[in-house]
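*Asks:* Once you've had a glance at the structure underneath, I'll fire off some questions.
The values are calculated or read from the model by the stated rules, or taken from the named source; none is laboratory data. In this text, all values refer to a predicted model and were calculated from it rather than measured experimentally. Glycine gets a Cβ as well: all are built from the backbone with ideal geometry, and neighbour counts include every protein chain shown.
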Amino acid sequence: MPMTPKILTLETGASIAYHQSPGVGPGVVFLCGFMSDMTGSKAIWLEEFCIQRGQAFLRFDYQGHGASSGNFADGDVGVWAADAIAAIEKLTSGAQILIGSSMGGWIMLKTALAMPERMAGLIGIAAAPDFTEDLLCAELSAAQMGEIQTHGLTRIASDYDDDYVITKALLEEGRKHLVLRSEIALDCPVRLIHGLEDNSVPWETALKIQERLRSTDVEVILVKNGDHRLSERQDLDRLGRTLDALIDQGKKSSSRTEA
């Protein structure tokens, strides 16, 4: 039987639903994708992985997603990044490894830039920074753009359960949070996993991210026949190996610092 999530109440009155398991550091935080939530297969698998490893873990829903308060159409990348920053600041301590899936990869980078001193590492899974500008604006038809201007939103077909809701605010606010137009001033280890058969986010996006990152410890893992979700057993095993290595690297770095 699913456990009832805990609630973090923000200063604005918004409620962020979350699940958290205790453990040693560095902690692990999962950041969901666009119109996804913390009950997805990767989030649950990572939670079980971290519990077995004794690692602290946090998963949560942005406003307008899953069990959190708010309407999806009222949100945007800025709001959701602020949710992530608040959750990490208020619910975790010490170094963290962020794992961002699809849009969560954008949130991951925004969050890391806001608190670089807390970052032990980043893992992007089909990371999609700047997708509102680089993907959506190119894909929306003239009719859909007209609908956005007239009605404030449009819907586009999704390969998954629900159609994507694209709002005027999502596009306009997205332009304020672009990260691929200049150097991404992060120095922590970064691992970018991307499927070559991803029909939602081009695999070349991973190369763009690594080019922009200031960090010299960046690895891009391209998966032959890998799709956008990367949720098959072999994908999860690969994610586990990648996370294992980053955790061990983070512990060694912490030991050297303390010495």
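*Asks:* Would you check if ALA67 is at pLDDT 95 or above and in a helix (DSSP H, G or I)? Break it down stepwise before answering.
*Replies:* On the way: at pLDDT 95 or above: yes; in a helix (DSSP H, G or I): no.
No: the conditions fail for ALA67.
*Asks:* Are there any pairs with C-beta distances below 8 angstrom linking a residue in region 3-27 that is free of Cβ contacts under 8 Å to residues at least 60 places away in the same chain and over 15 Å from ARG59 (Cα atoms) to a residue that is in a strand (DSSP E or B) and of a type outside the set (Val, Ile, Thr), with the two at least 6 apart or on different chains, and if so which?
*Replies:* Once the first residue is free of Cβ contacts under 8 Å to residues at least 60 places away in the same chain and over 15 Å from ARG59 (Cα atoms) and sits in region 3-27, its partners that are in a strand (DSSP E or B) and of a type outside the set (Val, Ile, Thr) give THR9/SER15; VAL24/GLN55; VAL24/ALA56.
*Asks:* Considering region 41-64 alone, what residues qualify as being hydrophobic (A, V, I, L, M, F, W, C), in a helix (DSSP H, G or I) and within 13 Å of PRO22 (Cα to Cα)? Explain how you work it out, then say what you get.
*Replies:* Kept after step one, since they are hydrophobic (A, V, I, L, M, F, W, C), are these residues of region 41-64: 43-46, 49-51, 56-58, 60.
Those still in the list that are in a helix (DSSP H, G or I) too: 43-46, 49-51.
If the condition is that a residue be hydrophobic (A, V, I, L, M, F, W, C), in a helix (DSSP H, G or I) and within 13 Å of PRO22 (Cα to Cα), then PHE49, CYS50, ILE51 are the ones that fit.
*Asks:* Next question, about the same structure. Quick test of your reading of the structure: ILE148 fulfils all but one of (1) outside any strand (DSSP E or B); (2) surrounded by 23 or more Cβ atoms within 10 Å (Cβ to Cβ); (3) of a type in the set (Val, Ile, Thr); (4) touching a Lys or Arg at 6+ places or on another chain (Cβ under 6 Å). Name the failing condition by number.
*Replies:* Condition (2) is where ILE148 drops out.
*Asks:* LEU171 - would you say it is out of contact with any Gly (no Cβ under 9 Å at 6 or more places or on another chain) and not in a loop (DSSP other than H, G, I, E, B)? Break it down into steps so the answer makes sense when it comes.
*Replies:* Details: out of contact with any Gly (no Cβ under 9 Å at 6 or more places or on another chain): yes; not in a loop (DSSP other than H, G, I, E, B): yes.
Taking the combined requirement at face value, the residue satisfies it.
*Asks:* May I pose another question? Scan region 205-224 and tell me whether some residue there is closer than 27 Å to GLN52 by Cα and free of Cβ contacts under 8 Å to residues at least 12 places away in the same chain.
*Replies:* Within region 205-224, not a single residue is closer than 27 Å to GLN52 by Cα and free of Cβ contacts under 8 Å to residues at least 12 places away in the same chain.
*Asks:* Moving to a separate point now. With the requirement that a residue be surrounded by fewer than 13 Cβ atoms within 10 Å (Cβ to Cβ) and of a type outside the set (D, E, K, R), what does region 161-183 give you?
*Replies:* Listed by number, the list holds a single entry, SER182.
*Asks:* Is one or more of the residues making up region 51-70 among the acidic types (Asp, Glu), surrounded by fewer than 20 Cβ atoms within 10 Å (Cβ to Cβ) and either closer than 26 Å to VAL179 by Cβ or more than 15 Å from the chain's Cα centre (by Cα) (or both)? Working first, answer last.
*Replies:* If we filter region 51-70 for residues that are among the acidic types (Asp, Glu), which is where we start, we get 61.
Narrowing further to those that are surrounded by fewer than 20 Cβ atoms within 10 Å (Cβ to Cβ): none.
The answer is no, given that none of the residues of region 51-70 is among the acidic types (Asp, Glu), surrounded by fewer than 20 Cβ atoms within 10 Å (Cβ to Cβ) and either closer than 26 Å to VAL179 by Cβ or more than 15 Å from the chain's Cα centre (by Cα) (or both).
*Asks:* For region 76-95, check the following and say yes or no: at least one residue is in contact with a Phe, Trp or Tyr (Cβ under 7 Å, 6 or more places away or on another chain), of a type in the set (Asp, Glu), part of a helix (DSSP H, G or I) and farther than 20 Å from MET3 by Cβ. Full working, then the answer.
*Replies:* Initial filter on region 76-95 (in contact with a Phe, Trp or Tyr (Cβ under 7 Å, 6 or more places away or on another chain)): 77, 80, 83, 87, 91.
Applying the additional criterion that residues be of a type in the set (Asp, Glu) yields 83.
Now restrict to residues that are part of a helix (DSSP H, G or I): 83.
Imposing the further condition that a residue be farther than 20 Å from MET3 by Cβ reduces the set to 83.
Yes, the conditions are met somewhere in region 76-95.
*Asks:* Considering each residue of region 182-201, count those that are under 14 Å from ASP130 (Cα atoms) and either in a strand (DSSP E or B) or without any contact (Cβ under 8 Å) to a residue 12 or more places away in the chain (or both), and give that number.
*Replies:* Looking only at that region, the number is 1.
*Asks:* If you check MET103 against the conditions, is it surrounded by fewer than 16 Cβ atoms within 10 Å (Cβ to Cβ) and out of contact with any Cys (no Cβ under 6 Å at 6 or more places or on another chain)? I'd like the intermediate steps shown before the answer.
*Replies:* On the way: surrounded by fewer than 16 Cβ atoms within 10 Å (Cβ to Cβ): no; out of contact with any Cys (no Cβ under 6 Å at 6 or more places or on another chain): yes.
So MET103 does not fit the description; no.
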